[in-house]
Ligand SMILES: [Zn+2]
C-alpha cells in the first residue's frame, strides 16, 4: 500500500479559561505551559480578585476547502 502525500495534521490552538471567584467574570487567554484546571489564575481584570482556571480547550482552525 502506498501512501500519497501526508496530510499535515492541523494543530489545535489551546485556550485557557479562568473564572473570577468574586464577580464570576470569565477571561479567555492563550494557554500557557503549566496551566491546568483549578490552578489559580491571574487577578481578575474587573475586580482584582483571585481567579481560577476552569477550562482548557483546543480549537482547530477552520478547515479550508480547496
Ligand atoms: Zn472579578
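Taking the Kirkwood radius as Rh and the Cα radius of gyration as Rg, the chain has a ratio of Rg/Rh equal to 1.25.
For the chain, the relative contact order comes to 38 percent (Cα pairs under 8 Å, sequence separation of at least 6). For the peptides 14-21, 46-53, 29-36, 58-65, residues were scored by their other Cβ atoms within 10 Å and the scores averaged per peptide; the highest-first order is 14-21, 46-53, 29-36, 58-65.
Bear in mind that the values in this text are calculations on the coordinates, not laboratory data. What you are looking at is a predicted structure, and each value in this text was computed from that prediction instead of being measured. Cβ atoms come from the backbone with ideal geometry, glycine included; neighbour counts cover every protein chain shown.
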